[in-house]
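Structure record follows, encoded as structure tokens.
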Amino acid sequence: MPKRAKASRSATCRVRVCVRACVRACCLSPISLLHGTRASTYSILTLYTKDPCRSRSTRPANSHSHSHSRQLARARTNEHPRVPSSAPALPHSRTPALQTSRPPPPRPDAILPRRHDGRTDGRTSRASSAHSQPPKKKPGRTHDAQLPWLTRRILAALRARKAHTAFEWVKGHNGHPRNEGADKCAGEGARKPPTEVLDLSPPAELRLKNTASVQRPSAVTALTVIAEDLEEVCDYQVTNRAVWLSLRKKDITREARQFLWKVIHDAFMVGRHWLRPSMPDPLKERATCKKCLEVESLDHILFRCAARGRGRITSLLEETWEMTGVAFPGLRWGTAVGAGCVIFKSSNDARLAMVERLWTILATESLYLIWKLRCERVIQKDGREFSNAEITNRWYATIDRRLTLDRRSAAPFLEKRALDPKTVAATWSMIVDNAEDLPPTWVGDGGVLVGIRRGR
């Protein structure tokens, strides 16, 4: 068998298995579609639509695409004898691919046009699921108009399940009970009368709604404080959308991004969350800060706690920031949680992009380290504080690792995904040790040892 025929047959089997799974999930009725291949063989695929009834009057032969008409004409004239239009229709088959020396010719009214827009099945499914309403029916594209409803019915069936759903490919015609059951359902659907009309609209409670989610009251409060701080420090008004988008900047690591998102939503189990009525008395004691003897909150932990870790990290950040020659904006809600929105300008009112990038990195990593040290102090060390030397070493190690990550992200093998080495050099050259003595290629040269300058 030619390679193209084998590839076409394997692709047909894969499509067959996927469509059978859709039938089992949604209990749809199939109609058979005689589909031509380039290897001069014909494969019977199964197509599921809202209305499987297709009359000859609704599918005239001249409504097919030009390429499909030429393929149909070639199959008739060059390979198969002409068959009168009164010939009986081909019986539906459970076989995914019919390969004979002389396959029967297809009837014009039994063929629906193929897709010619270049999209794959996966892209078609994603595109169809995005539609909120089915498109209007157009001549020659009746079956495409029903695909959005089919995809939404499948999604509704998945949402109706209470357990986790995973997809796994199953080899066809190999004795698998579920696959054989799908074949049986497909055969029963093919033998149904053509007058039956299916309702593919999903239940109302399982439909995907394109409505904006309602924010938590804690998130609204946090966003308000962030906007007020940024207006005070940077003298400009920031929108909630800008704050959310700032969390997705490439300058913020994934761990820090998740941490900031939870901070805005007050999603950590601290403070008042331990004072719920359902909590036992021993657990309610965790709501109080043992250092400050007051009920904890994220604002208290990150910006007001008298514990040694928070104060020492803030001092180290301020000492390092003085090397840039720019005024220290302080560590607060707007400048730390909303670090990606902070704006720095020069004396001639020009934005300092590299300074803004450096602040985003230092502020987010410092804030995340304050949280980690607090959790270690409360949970692992049972309230015992870290020494100043431990906190200093942990902070410099964190910033050094972030510098190394930036250097590795500028590697040439990353191609389009790589950071610009000039951007990395301009960002870190303000605070690295002996920056004037480093070679020009220190960003991409792993043999050059680079670290953050320590002390004033």
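In region 292-321, which residues are surrounded by fewer than 17 Cβ atoms within 10 Å (Cβ to Cβ) and touching a residue at least 60 places away in the same chain (Cβ under 8 Å)?
The answer is Glu319, and nothing else.
Pick out the one residue from Ile391, Ile379 that is in a helix (DSSP H, G or I) and at pLDDT 95 or above. I'd like the intermediate steps shown before the answer.
Values: Ile379 fails: at pLDDT 95 or above.
So the residue among Ile391, Ile379 that is in a helix (DSSP H, G or I) and at pLDDT 95 or above is Ile391.
Identify all residues within region 208-241 that are farther than 23 Å from Phe268 by Cβ, surrounded by fewer than 15 Cβ atoms within 10 Å (Cβ to Cβ) and of a type outside the set (Val, Ile, Thr); write none if there are none.
Within region 208-241, Leu208, Lys209, Asn210, Ala212, Glu231, Glu232, Asp235, Tyr236, Gln237, Arg241 qualify.
Residues of region 209-261 being touching a Lys or Arg at 6+ places or on another chain (Cβ under 7 Å) and of a type in the set (A, V, I, L, M), which ones?
Hit for region 209-261 is Leu247, nothing else.
Looking at (1) closer than 16 Å to Ala363 by Cα; (2) in a loop (DSSP other than H, G, I, E, B); (3) open to solvent by 80 Å² or more (accessible area, probe 1.4 Å); (4) of a type in the set (A, V, I, L, M, F, W, C), which one does Trp261 not meet, given that it meets all the others?
Unmet for Trp261, out of (1) closer than 16 Å to Ala363 by Cα; (2) in a loop (DSSP other than H, G, I, E, B); (3) open to solvent by 80 Å² or more (accessible area, probe 1.4 Å); (4) of a type in the set (A, V, I, L, M, F, W, C): (2).
What's the total number of residues in region 343-365 that are closer than 17 Å to Thr404 by Cβ and either small (Gly, Ala, Ser) or open to solvent by 10 Å² or more (accessible area, probe 1.4 Å) (or both)? Talk me through it step by step, then tell me what you get.
So in region 343-365, the residues closer than 17 Å to Thr404 by Cβ come out as 357-358, 361-362, 364-365.
With the extra rule that they be either small (Gly, Ala, Ser) or open to solvent by 10 Å² or more (accessible area, probe 1.4 Å) (or both), the set shrinks to 357, 365.
Matching residues across region 343-365 total 2.
Failed condition for Ala425, given (1) surrounded by fewer than 18 Cβ atoms within 10 Å (Cβ to Cβ); (2) more than 30 Å from Arg310 (Cβ to Cβ); (3) of a type in the set (A, V, I, L, M), with all others met?
Evaluating Ala425 over (1) surrounded by fewer than 18 Cβ atoms within 10 Å (Cβ to Cβ); (2) more than 30 Å from Arg310 (Cβ to Cβ); (3) of a type in the set (A, V, I, L, M) leaves (1) as the failure.
Mind listing whichever residues of region 433-451 are outside any loop (DSSP other than H, G, I, E, B) and either of a type in the set (D, E, K, R) or out of contact with any helix residue (DSSP H, G or I) (no Cβ under 9 Å at 6 or more places or on another chain) (or both)? Show your work before the answer.
Of region 433-451, the ones outside any loop (DSSP other than H, G, I, E, B) are 435-437.
Within region 433-451, Glu436, Asp437 qualify.
When both residues are 6+ apart or on different chains and their Cβ atoms are under 6 Å apart, which pairs have a first residue that lies in region 394-419 and is free of Cβ contacts under 8 Å to residues at least 60 places away in the same chain and open to solvent by less than 80 Å² (accessible area, probe 1.4 Å), and a second that is among the acidic types (Asp, Glu) and assigned to a helix (DSSP H, G or I)?
Thr398/Glu365
So which of Asp199, Asp251, Asp229 is in a loop (DSSP other than H, G, I, E, B), over 30 Å from Thr151 (Cβ atoms) and not small (Gly, Ala, Ser)?
Numbers: Asp199 fails: over 30 Å from Thr151 (Cβ atoms); Asp229 fails: in a loop (DSSP other than H, G, I, E, B).
Answer to the selection: Asp251.
Name the pairs whose Cβ atoms lie under 7 Å apart, with the first residue in region 254-271 and within 17 Å of Thr288 (Cα to Cα), the second assigned to a loop (DSSP other than H, G, I, E, B) and of a type outside the set (Phe, Trp, Tyr), and 6 or more positions between them or separate chains?
That search, which allows pairs on different chains as well, returns Val270/Glu296; Val270/Ser297; Gly271/Glu296; Gly271/Ser297.
The values are calculated or read from the model by the stated rules, or taken from the named source; none is laboratory data. Here the structure is a predicted model, which is why all the values come from computation and not from measurement. Neighbour counts are summed over all protein chains in view; Cβ atoms, including those assigned to glycine, are modelled from backbone coordinates with ideal geometry. Accessible surface areas use protein heavy atoms only, side chains included; no ligands, DNA or RNA. Shrake-Rupley method; radii C 1.70, N 1.55, O 1.52, S 1.80 Å.
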